[in-house]
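J.: I have a structure here, written as structure tokens, and I will follow up with some questions on it.
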Amino acid sequence: MITKIFNANTDLGVNKKGTALGPKIISEKMNLEVVNIDYTLLPEKDIKNKININSINHLNEKIYNEILKTKDFSILLGGDHSTSIASALASIKKEEKLGIIWIDAHGDYNDFNTTITGNIHGVPLATVCGSNGEELSYFHNGNYYNPKNAVIFGARDLDEKEKEKLEKDNVNVFYYDDIKNNIENSLKDAFKLALDGNDKIHISFDLDSINPILAPGVTVPVKDGFNLEDVEIIINFIKDNISKVNSFDLVEYNPLFDKDEKTLEIATDILKKIIE
Ligand SMILES: [Mn+2]
């Protein structure tokens with residue numbers, strides 16, 4: 001498959017350092033040719049629910065414009081999950097009829113009113129579904145994802161107000177506990193929902209969807225989660241249905257919290273499979 005890989009070297013969307021180092025470690029280990037995109041720190045107003053917003057917007061605008069330049073299958077290597085605002089919106093700009101599957105322990109569906117931490121990696125899915133205003137997407141002149149075609153796959157830790165938002169917007173939430181014994185059929189359902197009325201899907205894979213005992217190298221670990229067999233099923237399913245997939249993110253690898261390169265190994269296995 002002809003792919004183009006974008007390294008989003010950033011941890012601006014989260015309150016702990018580390019994910020900015022992740023993409024290069026993955027791509028260098030695999031000897032991949034990539035487009036490196038680095039952030040610039042801009043002056044910020046002290047807005048508690050919008051931490052680093054100016055710098056994040058500046059970076060996301062760069063990522064968005066870089067991805068728009070390619071016709072190849074684009075892969076975003078994060079970086080914290082705020083970078084998926086840029087990749088997901090660039091994808092729907094190129095391919096208008098697009099659903100989205102968000103493989104994540106978290107919902108990432110807060111907005112500036114509901115966020116508890118103020119970290120922007122907690123709002124990207126709401127943002128690309130048009131449910132967090134346009135302050136984080138001013139550079140995007142196109143459709144937003146229909147929340148009815150958005151699926152959160154493997155959720156284990158949603159905030160109360162976030163849950164209310166998800167229900168109100170009719171986002172499809174597949175909780176880890178409900179799907180753990182039936183991953184493949186659940187994926188079929190997820191694809192069906194995301195593809196309903198659409199041609200293709202953007203997939204955003206957050207490494208914290210995996211059990212942190214197996215993949216400790218993430219910034220916000222949550223107990224339980226996918227095991228290695230589950231990950232294999234998920235990636236094989238994606239690969240088998242790659243003609244329906246428009247673009248792919250692999251985000252939140254934090255080498256500072258990794259142990260014996262366990263998470264790095266999983267991340268490189270996932271990426272190898274997707275690009276082969
Ligand atoms: Mn996430």
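J.: Return the total of residues in the range 194-243 being buried (at least 24 other Cβ atoms within 10 Å of the Cβ), more than 19 Å from K272 (Cβ to Cβ) and free of Cβ contacts under 8 Å to residues at least 40 places away in the same chain.
T.: Of the residues in the range 194-243, 0 are buried (at least 24 other Cβ atoms within 10 Å of the Cβ), more than 19 Å from K272 (Cβ to Cβ) and free of Cβ contacts under 8 Å to residues at least 40 places away in the same chain.
J.: Just one of V220, V251 is within 16 Å of the ligand (Cβ to nearest atom) and over 29 Å from N143 (Cα atoms); which is it?
T.: Answer to the selection: V220.
J.: Among the residues of the range 151-161, are any more than 16 Å from the ligand (Cβ to nearest atom), modelled with pLDDT of 95 or more and surrounded by 15 or more Cβ atoms within 10 Å (Cβ to Cβ)?
T.: yes
J.: Every residue in the range 154-209 that is more than 23 Å from I116 (Cα to Cα) and among the β-branched types (V, I, T), please.
T.: Listed by number, the residues that qualify are I179, I183, I201, I203.
J.: Here is a further query. Just to be sure, is L125 within 23 Å of N60 (Cβ to Cβ), of a type in the set (A, V, I, L, M, F, W, C) and in contact (Cβ under 8 Å) with a residue 24 or more places away in the chain?
T.: Yes; evaluated as a whole, the condition is true for this residue.
J.: A follow-up question, please. Suppose we keep only residues that are under 19 Å from S55 (Cα atoms), more than 16 Å from the ligand (Cβ to nearest atom) and of a type in the set (G, A, S) within the range 100-143. Which one would you say is surrounded by the most Cβ atoms within 10 Å (Cβ to Cβ)?
T.: That would be S137.
J.: A further question on this structure: Any idea which of I179, I152 is of a type in the set (A, V, I, L, M, F, W, C), free of Cβ contacts under 8 Å to residues at least 60 places away in the same chain and out of contact with any helix residue (DSSP H, G or I) (no Cβ under 6 Å at 6 or more places or on another chain)? If you could, list the steps in order and put the result at the bottom.
T.: On the way: I179 fails: out of contact with any helix residue (DSSP H, G or I) (no Cβ under 6 Å at 6 or more places or on another chain).
Within the list I179, I152, the selection yields I152.
J.: Here's something else I'd like to know. Examine the range 46-61 for a residue that is within 13 Å of the ligand (Cβ to nearest atom) and crowded, with 24+ Cβ neighbours inside 10 Å, and state whether such a residue exists. Step through it out loud before you land on a result.
T.: Within the range 46-61, the subset within 13 Å of the ligand (Cβ to nearest atom) is none.
For the range 46-61, residues within 13 Å of the ligand (Cβ to nearest atom) and crowded, with 24+ Cβ neighbours inside 10 Å: absent.
The values are calculated or read from the model by the stated rules, or taken from the named source; none is laboratory data. Computed from a predicted model, the values in this text were never measured in an experiment. FYI the Cβ positions are ideal-geometry reconstructions off the backbone, even for glycines, and counts take in every protein chain you see.
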